[in-house]
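The values are calculated or read from the model by the stated rules, or taken from the named source; none is laboratory data. In this text the structure is predicted, and so the values were computed from the model without any measurement. Glycine also receives a Cβ, built like all others from the backbone with ideal geometry; neighbour counts cover every protein chain displayed.
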Amino acid sequence: MPVTIEITPVEASATHSSKLLTRAALDAYDSREESWQKQFQRRYTHHSELKGVLNQVEDVNETVYSKFAIAVTPYMAQLMDRDDPNCPIRLQYLPSFNEETKPGFATLLDQLGEEGDTVPGTSVVHRYPRRVLFLVSNTCATLCRFCTRKRMVSQPDGAVAKDHITASIDYIANNPQIEDVLLSGGDPLTFADDRLDEILGQIRSRAPHVRFLRMGSRMVVQLPTRITPQLCAILEKHRVQMVNIHINHPKEITPLLRERVKMIQKAGVMMGLQTVCLKGVNDSVPVMRELFMQTIEMGVRPYYVYSTDMVEGAHHFIVPHHRMLELYEGLRGWISGPAVPTFIVDGLGGLGKLPIIPQYVKEELLPDGSGTTIKCRNYAGQTVEMPGLGQDYALPTHSN
Ligand SMILES: *Cc1c(COP(=O)(O)O)cnc(C)c1O
Ligand code: SF4
């Protein structure tokens, strides 16, 4: 029996007085000592507020706000370099002139074509066989300037219409071919525990055919105190099998983050990492090696590195395809295999995730057509050519 779910994500509107507007106030702030909801209310939502705590904050035009809101948790602001405008965390979260001068892609609001694959009346994107993306929230704790879902994530209250949530659960329950549900948004953890408990509980009770229940959340990184024993008990109760977190630079890994990741792991949840390849932030082999080694040290498996999508105002972050191939080659063979993620570009207009894979092994037809040869190249650039075997398979008719 479907139950109507009341969805009220955390109250996002901050009262000015709750903000930490001086450096001294920010330095003295201990995010362990306050509820995550209160920290949410203390978020900086205008660049002028950040000028009180950081130097060299760009005076961006107000038009930036009409395109994408600004939100930074105090915890995240503490991780930012006070003086360096090129700090990899500042680059991700502070608006810049680049968003105005290189707006680009203005018409590509939904460049991944997610709306075309959204089941009408729901917030379920059903693009791939047997699995769905369930967008449960329209907001995040801290807003990334390169966000691929800018068209929806900037909503001030973060609410996905509750009838859409109910209809989404109905859809999952009524389609037994769905065996994998990925909760995302925005950030599913912007919900209060009881709401999350209700959504997960309904999926588990009404859709026993769902074999894999997972969640993507950057809040674990942006506001680690969101992870509480109560939340972990909910994840365990509903057998959430995987939580994917999103980290782009080793500077985002702190003792507090490590501690809260361990709490999630103790609830029996496998953890993965996703990263966006961002110019100036992590488009460097040493930075990526360090990031992925630090994450597997925590028992978090690097899963995907995404190219920056062609969203408006994110032009300056885009790393060209050939550079992404070089970055991949700087990882494979050079660091532990489990620390090497798959690199992905999302095809324009709904093509979906496409792996970016350098070619190490190439089978070519021999000139006389009598068989094939395999040209191999290893991570260090050594090569070998071997005879193609298994000739009982049909030979390729062309080489590429
Ligand atoms: C990324 C994504 C998924 C999950 O893809 P996996 O490769 O299985 O992790 C599912 N649906 C949509 C629409 C997605 O974008
Ligand atoms: S965490 Fe993800 S969904 Fe949220 S603002 Fe950043 S990129 Fe967008």
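Restricting attention to region 110-159, the residues that are over 23 Å from Glu312 (Cβ atoms) and either within 18 Å of the chain's Cα centre (by Cα) or not aliphatic (A, V, I, L, M) (or both) add up to 12. Only a single criterion out of (1) within 14 Å of ligand 1 (Cβ to nearest atom); (2) at pLDDT below 95 is not satisfied by Ser168, namely (2). On the stretch given as region 176-223, residues that are more than 16 Å from ligand 1 (Cβ to nearest atom) and touching a Gly at 6+ places or on another chain (Cβ under 7 Å) total 1.
The residues listed here are Ala77, Ala69; of these, the one that is in a loop (DSSP other than H, G, I, E, B) and under 20 Å from the mean Cα position of the chain (by Cα) is Ala69.
Among the residues of region 246-271, write down those that are hydrophobic (A, V, I, L, M, F, W, C) and not in a helix (DSSP H, G or I).
Looking only at region 246-271, we keep the residues that are hydrophobic (A, V, I, L, M, F, W, C), and these are 247, 253, 256-257, 261, 263-264, 267, 269-271.
Ile247, Ile253, Ala267, Val269, Met270, Met271, listed by residue number.
What number of residues within region 110-128 are near ligand 1 (Cβ under 10 Å from one of its atoms), within 20 Å of Asn175 (Cα to Cα) and of a type outside the set (Lys, Arg)? Qualifying residue count, region 110-128: 7. Just a yes or no: is a residue in region 66-78 at pLDDT below 95 and out of contact with any helix residue (DSSP H, G or I) (no Cβ under 9 Å at 6 or more places or on another chain)? Yes, some residue in region 66-78 is at pLDDT below 95 and out of contact with any helix residue (DSSP H, G or I) (no Cβ under 9 Å at 6 or more places or on another chain).
Residues considered: Arg289, Arg323. Of these, the only one that is away from ligand 1 (no atom under 16 Å from the Cβ), surrounded by fewer than 16 Cβ atoms within 10 Å (Cβ to Cβ) and touching a residue at least 12 places away in the same chain (Cβ under 8 Å) is Arg323. For region 213-239, a tally of residues being out of contact with any Phe, Trp or Tyr (no Cβ under 7 Å at 6 or more places or on another chain), over 17 Å from Ser168 (Cβ atoms) and more than 16 Å from ligand 2 (Cβ to nearest atom) returns 11.
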